[in-house]
Every structure is written in C-alpha cells, then in structure tokens.
Amino acid sequence: HPNEYLLGKTLMLAVQFRAKAPKLQETARRDLNIDKGITFWERLIADLFADRAGLIATQDEWIARVKREGFIEVPLVGISRTFLGTSDGIDATYIPTIVNIPIQALAAIITLDAQIAAEKWLIRSGFEAGLTKNTYDEGAYDCPPHEVEAVSKGLDAFSIS
C-alpha cells in the first residue's frame, strides 16, 4: 500500500516540522491525490500532536527560547543557530527550522566529519587541492586543473548522498 505508507511518512514529517492542517491538506492533495476536507486534517493534526505531547512540549520550549534569547544551542554538541526578528516574524518564518535543530545538528556533525576525513586524505595523498569552504552543509575545494579528475574521483568516497 504505497499511498498509505507515503501518507504515514507525510504525517510524521508534519508533526516533526509543526505543519498546520492547510499545509497537510495541500501536500496530501498534491503528492498523494488524497482529497479530504480541512476538518479531517485539523482533527488528524490535533490527534498526532496529542499523541506526541512530550515532543511538542520540547519543541514549544525551543521556540520560546528562540523568542527570548534569539538563538538555540543543541546540548552536548554545542551547535547553535541564531534567529533574528520579532516573535511574530519567528512564528511566520522559523518554526520548521527551530524544531528541526537536532536533525540539523546531527547532519552538520556528519558533514564536517566527512570534510575533515577528506582534507586528511588530500594531504596524505600529496595533492595540492585543498578545502576552501567548510560549512555545516557543504564544502568547496580549490584544485589545480591537472588534479581535478583524480581528486574528484577520490572525494566521491567521502560523499554523503
């Protein structure tokens, strides 16, 4: 039942990213060809949020902290994110990003780890190429033309796709 599976996945993401009923309705109609009235989706969202009261309470605290302090930091790993704007602006723009911070932090750690390993490989291999951009979600390399093919092929081993 692929449609039911996709609906379940969509619902889990809706909770994770704090989707509202109209967005869920639009996604289900567009991606799954499921057309239900808004009341159905409102009830479904309310039930899902009630079933995950601990997660929702934790997310509410993260949102409140961002509104109070302007940033959030993931415990233990120390990765943080700063948010600018008023309380209303944060509500309108940043809620999905705030509630996704633990996943973003994990992705950042994995990406940076791969970049460090790739940089060590470049040095050990004697390449002139080097990492020139190292951020939580991407890296860029400066590479002389005669090394491009070998470096590109070698860096594929460090790809996270």
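The values are calculated or read from the model by the stated rules, or taken from the named source; none is laboratory data. This is a predicted model, so every value here is computed, not measured. Backbone-built Cβ (ideal geometry, glycine too); neighbour counts: all protein chains shown. The accessibility values were calculated without ligands, DNA or RNA, using every heavy atom of the protein model including side chains. Shrake-Rupley method; radii C 1.70, N 1.55, O 1.52, S 1.80 Å.
Hey, among the residues in region 105-156 that are free of Cβ contacts under 8 Å to residues at least 12 places away in the same chain and among the small types (Gly, Ala, Ser), which one's nearest to Pro75 (Cα to Cα)?
Looking at the filtered set, the residue picked out is Ala140.
In region 126-140, what residues are outside any strand (DSSP E or B) and open to solvent by 40 Å² or more (accessible area, probe 1.4 Å)?
Of everything in region 126-140, those that are outside any strand (DSSP E or B) and open to solvent by 40 Å² or more (accessible area, probe 1.4 Å) turn out to be Gly126, Phe127, Glu128, Tyr136, Asp137.
Any chance you could count how many residues in region 1-15 are open to solvent by 40 Å² or more (accessible area, probe 1.4 Å) and either outside any helix (DSSP H, G or I) or within 21 Å of Gln104 (Cα to Cα) (or both)?
Counting residues in region 1-15 that are open to solvent by 40 Å² or more (accessible area, probe 1.4 Å) and either outside any helix (DSSP H, G or I) or within 21 Å of Gln104 (Cα to Cα) (or both) gives 4.
State the number of residues belonging to region 1-40 that are of a type in the set (S, T, N, Q) and modelled with pLDDT of 90 or more.
4
Could you list, in sequence order, all residues of region 16-25 that are open to solvent by less than 70 Å² (accessible area, probe 1.4 Å) and part of a helix (DSSP H, G or I)? Before you say what the answer is, go through the steps one by one.
Start the filter on region 16-25 by keeping residues that are open to solvent by less than 70 Å² (accessible area, probe 1.4 Å), which leaves 16, 18-19, 21, 24-25.
Passing the criteria: Gln16, Ala21, Leu24, Gln25.
Can you work out which of the residues in region 141-157 that are within 16 Å of Ala117 (Cβ to Cβ) and open to solvent by less than 50 Å² (accessible area, probe 1.4 Å) is modelled with the lowest pLDDT?
Ranking the candidates gives Leu155 first.
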